[in-house]
Amino acid sequence: MNKLALIPVLLRDRLLSRTLPREPEPDLVMDDPEQVEAYDRAGSIEGVMAAAYLFHSGRISQVIQGARNVIDLGCGPAVQLGQIAQLNPSIQFHGVDLSPTMLEMANRNVEQLGLRNVQLSQADITELAGIADHSVDGVISTMALHHLPTHEHLRRCFRQINRVLRPGGALYLVDFGRLKLLKTVIFFAYQNAGLQPHLFTLDYERSLRAAFEFADFQQISSEELPGRGEVIGTFMVPMLTVIKSEDKPIARDLLDRLRKAIERMPRRYRSDLNDMRTFFRLGGLRNDPFR
């Protein structure tokens, strides 16, 4: 992503007073086999999302240090979860998703990676039935919250997080923030269109249209997750929003593995990672593990 080309796009979006109406995705569950397959292919750990995966894996690893068990809400095909579990083999992870098709793919990915610290199950993230109060050391979720159809569903999800997470537990939730201009949505959704299946690009556009506003995350988290974490958005326009608890000290060997993962990346993806680091740092996110 060229930062110089990005600045005018973000400026136009920031200066607009109104916000693009939210368009919830028609299906809460991504269960169409063709759509799921397109998502899995484009969302591989070495694909166009590689920079985003590594960025969140590094950031999540900082937050969950010292945890024994962590639940991943809306884990999808478990690509992100798999990378996090590899980086943190001493932690037990539980990925939940509402889609049986996604969970089939997640099981396949977990088996291919040979992970023994990941279990998967079907669950509604607004209910989390069967998970006891304050029984979880950490809760994470990456790019799943926009699938919730209404603000009330988001509120119920946050309420469940507060219920299952122990006092002082680790928290890292990240999702899109709603943009103001349709042109901005189209710009981001189609910038990598030539490098990924059309269904994946279309899903990306729908996800951006379905995103909640930054103010929604601020208000609902303050009411349902009091004292649990800070709400931070990317600089200028909160296209990405993170709700996170405090960072913990991270082991030197884990830092070395993160840096080696950067070195193995193609130059294009290293540039994407650095852009994410820059826009989050300028937005107020501290303790960059990739320095």
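What follows draws every value from the coordinates through simple rules; no lab data is involved. From a predicted model like this one, the values you see are computed outputs, not experimental measurements. Methodologically, a virtual Cβ is constructed for each residue, glycine included, from the backbone with ideal geometry; neighbour enumeration extends over all protein chains shown.
Based only on other Cβ atoms within 10 Å, what is the fewest-to-most ordering of Val96, Val48?
Val48, Val96
How many angstrom separate the Cα center of the stretch 134-156 from the Cα center of the stretch 215-291?
If you average the Cα positions of each part, the centres end up 18 Å apart.
Which whole-number percent is the relative contact order of the chain (Cα, under 8 Å, 6+ apart)?
24 percent
Using +1 at the Cβ of each Lys and Arg and -1 at the Cβ of each Asp and Glu in the chain, identify which of Ile186, Leu282, Ser61 lies farthest towards the dipole's positive end.
Looking along the dipole axis, the top candidate is Leu282.
What shape does the chain have by the C-alpha gyration tensor, where a ≥ b ≥ c are the square roots of the eigenvalues, rounded means a/c under 1.5, and otherwise prolate means a/b greater than b/c and oblate the rest?
rounded
Normalised radius of gyration for the stretch 182-291, please: alpha carbon Rg relative to 2.2 N^0.38 Å, two decimal places.
Relative to the 2.2 N^0.38 Å estimate, the stretch 182-291 comes out at 1.25.
In terms of modelled amide H atoms, which long-range or inter-chain residues lie less than 5 Å from the amide H of Ile71?
His94, Gly138, Val139, Ile140
Quick check for the chain: number of Lys pairs with alpha-carbon distance under 26 Å, counting only pairs 8 or more apart or on different chains?
7
Among Ile131, Ile140, what is the fewest-to-most ranking by other Cβ atoms within 10 Å? Numbers along the way, then the final one.
Details: Ile131 17, Ile140 28.
In increasing order of surrounding Cβ atoms, one gets Ile131, Ile140.
Per the Kirkwood definition applied to all pairs of different Cα atoms, how many angstroms is the hydrodynamic radius of the stretch 180-224?
One over the average 1/r among Cα pairs gives 11.8 Å for the stretch 180-224.
Sorting check: for 243-253, 73-83, 98-108, 276-286, which peptide has the highest mean count of neighbouring beta carbons within 10 Å, and how do the rest follow?
Sorting 243-253, 73-83, 98-108, 276-286 by mean packing, highest first, produces 73-83, 98-108, 276-286, 243-253.
For a footprinting-style exposure proxy, rank Leu202, Leu258, Leu179 by other Cβ within 10 Å, fewest first.
Neighbour counts put them in this order, fewest first: Leu202, Leu258, Leu179.
In terms of modelled amide H atoms, which long-range or inter-chain residues lie less than 5 Å from the amide H of Phe212?
Distant-sequence amide H within range of Phe212: Arg178.
May I ask you to evaluate 6.51 cos²θ - 1.76 cosθ + 1.60, the Karplus curve with θ = phi - 60°, for each residue of the stretch 55-60 and list the ³J(HN,Hα) values in order in whole Hz, giving x for glycine and proline?
For the stretch 55-60, the Karplus-derived couplings read 4, 6, 4, x, 5, 5 Hz, x marking Gly and Pro.
Compute, for the chain, the length of the dipole vector about the Cα centre, with Cβ point charges of +1 (Lys, Arg) and -1 (Asp, Glu) only. Units Debye, rounded to 20. Each step should come with its number before you reach the end.
Working: 35 positive and 35 negative charges, 279 e Å.
Dipole size: approximately 1340 debye.
Let me spell out the model: positive unit charges on the Cβ of Lys and Arg, negative unit charges on the Cβ of Asp and Glu, origin at the Cα centre of the stretch 219-284. What dipole size does that give, in debye rounded to 20? Let's see the in-between values first.
On the way: 13 positive and 10 negative charges, 110 e Å.
About 520 debye.
By what distance, in whole Å, do the Cα atoms of the stretch 55-98 stretch along each of the three principal axes, largest value first?
If we take the Cα atoms of the stretch 55-98, the spans are 28, 21, 15 Å.
For the stretch 138-200, what is the convex hull volume of the alpha-carbon atoms per residue, in Å³?
Values: hull volume 7.7 nm³, N = 63.
Residue-normalised Cα hull volume stands at 122 Å³.
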